[in-house]
Amino acid sequence: MESLSLALDWHPQHLIAVLHGRPIPAIGEPIVRSDDDVNARLLAIEFRLEQILSRLDDIKELERHVSNISDKFETLTDPTGPTTEKPRIKGRD
């Protein structure tokens with residue numbers, strides 16, 4: 001099954017995971033031969049942690065963009081801001 005998975009450009013354990021109802025490993029994820037393969041399991045955990053950290057970095061970057069947009073929006077809509085004047089109502093000056 002590993003040879004067929006590799007021929008299809010999948011992770012070597014792709015078809016084995018499907019057969020046993022396990023999550024399909026990502027390409028580049030370390031190969032775990034058995035539950036007793038502690039080194040491979042640790043590498044798999046490290047691989048997943050790196051993926052999580054990468055996603056967290058993406059979220060932080062998105063948060064910075066949203067914060068910048070929010071700040072600009074507040075500046076543009078703030079009626080007491082330095083760039084806007086309050087409209088004068090006739091008879092109240």
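The figures follow:
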{"item": "Total residues in the range 1-13, condition part of a helix (DSSP H, G or I) and aliphatic (A, V, I, L, M)", "result": "3"}
{"item": "Top-ranked residue of the range 45-93 - restricted to ones that are polar (S, T, N, Q) and either surrounded by 10 or more Cβ atoms within 10 Å (Cβ to Cβ) or within 30 Å of Gln13 (Cβ to Cβ) (or both), ranked as modelled with the lowest pLDDT", "result": "Thr84"}
{"item": "Residue list for the range 17-35, filter: buried (at least 16 other Cβ atoms within 10 Å of the Cβ) and either over 15 Å from Ile45 (Cα atoms) or of a type in the set (Val, Ile, Thr) (or both)", "result": "Ala17, Val32"}
{"item": "The range 30-44 residues that are farther than 20 Å from Trp10 by Cβ, paired with ones that are hydrophobic (A, V, I, L, M, F, W, C) (beta carbon under 8 Å, 6 or more apart)", "result": "Arg41/Val32"}
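To keep it simple, each residue is scored yes or no on (1) in contact with a His (Cβ under 7 Å, 6 or more places away or on another chain); (2) assigned to a helix (DSSP H, G or I).
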| site | (1), (2) |
| --- | --- |
| Leu15 | no, yes |
| Ile27 | yes, no |
| Arg33 | no, no |
| Asn39 | no, yes |
| Arg48 | no, yes |
| Ile59 | no, yes |
| Asn68 | no, yes |
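The values are calculated or read from the model by the stated rules, or taken from the named source; none is laboratory data. Bear in mind that the values here come from a model prediction, so they are computed numbers and not experimental data. For neighbour counting, all protein chains shown are included, and Cβ atoms are generated from backbone atoms with ideal geometry for every residue, glycine included.
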